[in-house]
Amino acid sequence: MKKYLSFVFATLFLAAMIISCGNKKIDENGFFQDIDSAVSHAQKKNKDVIVAITLIGDDMYSSTVMDNILTTEAFKTDVLSDFSVLHMDFSQSSYEKTVVSEMASKDEQKKAVAYADIMQKNSQLASMLNVQSTPAFFVLSKDKYFITELDFDDTVKTYDDFAALLNSQNSIIQKKHSLIEATKKGSNLERISAIDALYDSTDVTYRFLFSDLIETVIKLDKNNESGLLSKYLLANADVKGSDFFMRGDAEGAAQTYIKVCDEPALLPEHKQQAYYMGAYILAMSGSSDYKAILDYLQKSIDAAPESENVASIMAVAQYIMNSVSALSDDFLSLEN
């Protein structure tokens, strides 16, 4: 059966400061090992990317999919000819490849460092795709834009099952291709409209993959002729804040939201959301700067005082004030 996970990839970020070494980017099955290599190949060959995520050895269903689907001749013949396939495995055996003994040769150490770098990059992508269980399959465009997720369940056991599932997504894939192509043509306003259509047609979970398109809207529409500039200023803060947060920099993530509030084009409701996110990230990261947190929450309220969200924001602020008061009381009782 499927292996359900809470994908917290913090352990992989031990490799965050490691410099990538030369290592082959494609494995014995013809699968790419990292997204950059898969996308580069896809762009050269004008193909989409299939991202396959497994826990080989730790999840029996992943092992079944690997043996009965991914390594079959039919998959090699049909899928590898039409797609650039990225296989990301987060099993215990994959983790073990990132660590070698002190007695290991320089070549073995070099390979471990390179594989740790690959695992780090893959963990970032898996986080962006919000992977909850394995095996999981996604289709991305050659531009690394989200197209669709294959609805994998225990009934998909053979290559024919997989092929039928993939074929069932053809209309969605073609529609997304049309939307993507439209973002590259026409006037600035036409491109912005196309980007907005693509963005809105995609579940909020996967919109982080549109970071370059979000920045394109901001560059093309500095005077807000489309009326969409505020929406994409906040979306850009979401992307950059998420990047900071995934790198363990909660303060940087919070400040990304606070800084965007200085943008004149930001609408009151978006400013309210940005200030709230800045406060929320600090609070959830365990920050003891309660003054700043409460200040951002008040600014969130003031940004759109008639908003339906004000009551909820006030409740959060009150909860924090009560918590701070309780902490102060505890401290005083200890002193006495």
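Residues GLU102, GLU251, ordered by accessible area of protein heavy atoms at a 1.4 angstrom probe radius and largest first, appear as GLU102, GLU251. When both bridge partners sit in the chain, DSSP labels roughly 60% of those beta bridges antiparallel. Take the Kirkwood radius over Cα pairs of segment 61-117, plug it into Stokes-Einstein at 25 °C and 0.890 mPa s, and you get 181 µm²/s for translational diffusion. A cut-off of 5 Å between modelled amide H atoms, ignoring neighbours fewer than 5 places along the same chain, links LEU86 with PHE32, ILE50, VAL51, ALA52.
Taken one residue at a time, the phi angles of segment 131-138 give Karplus couplings (6.51, -1.76, 1.60, θ = phi - 60°) of 5, 10, 8, 10, x, 9, 10, 10 Hz. Gly and Pro are set to x. A straight Cα-to-Cα reach below 28 Å connects LYS106 with the lysines LYS24, LYS25, LYS97, LYS121, residues fewer than 8 places away in its own chain not being considered. Projected onto its three principal axes, the C-alpha set of segment 94-198 covers 60, 41, 21 Å, listed from the longest axis down. According to the calculation over all Cα-Cα pairs in the chain, the P(r) per 10 Å bin from zero is 5, 20, 27, 24, 16, 7, 1, 0 %. Excluding same-chain neighbours fewer than eight residues apart, the lysines reachable from LYS231 by a Cα-Cα span under 24 Å are LYS144, LYS175, LYS176, LYS184, LYS185, LYS219, LYS222, LYS240, LYS259, LYS271, LYS299. Computed from phi, the 3J(HN,Hα) profile of segment 99-114 under the Karplus parametrisation 6.51, -1.76, 1.60 (θ = phi - 60°) reads 10, 10, 6, 5, 8, 5, 5, 4, 5, 5, 5, 4, 5, 5, 5, 5 Hz, with x in place of Gly and Pro. The relative contact order of segment 234-331 comes to 21 percent, based on Cα pairs under 8 Å that sit 6 or more residues apart. Residue by residue, segment 55-70 carries 3J(HN,Hα) couplings of 10, 4, x, 9, 10, 4, 5, 4, 5, 4, 5, 4, 6, 9, 10, 5 Hz when phi is fed to the Karplus relation 6.51 cos²θ - 1.76 cosθ + 1.60 (θ = phi - 60°); x denotes Gly or Pro. Quarter the surface of the alpha carbon convex hull of segment 209-296 and you get the mean projected area, 5.6 square nanometres.
The values are calculated or read from the model by the stated rules, or taken from the named source; none is laboratory data. Note that the structure is predicted; figures quoted are calculated from it, not measured. The area values use the complete protein model at the heavy-atom level, side chains included, leaving out ligands, DNA and RNA. Shrake-Rupley method; radii C 1.70, N 1.55, O 1.52, S 1.80 Å.
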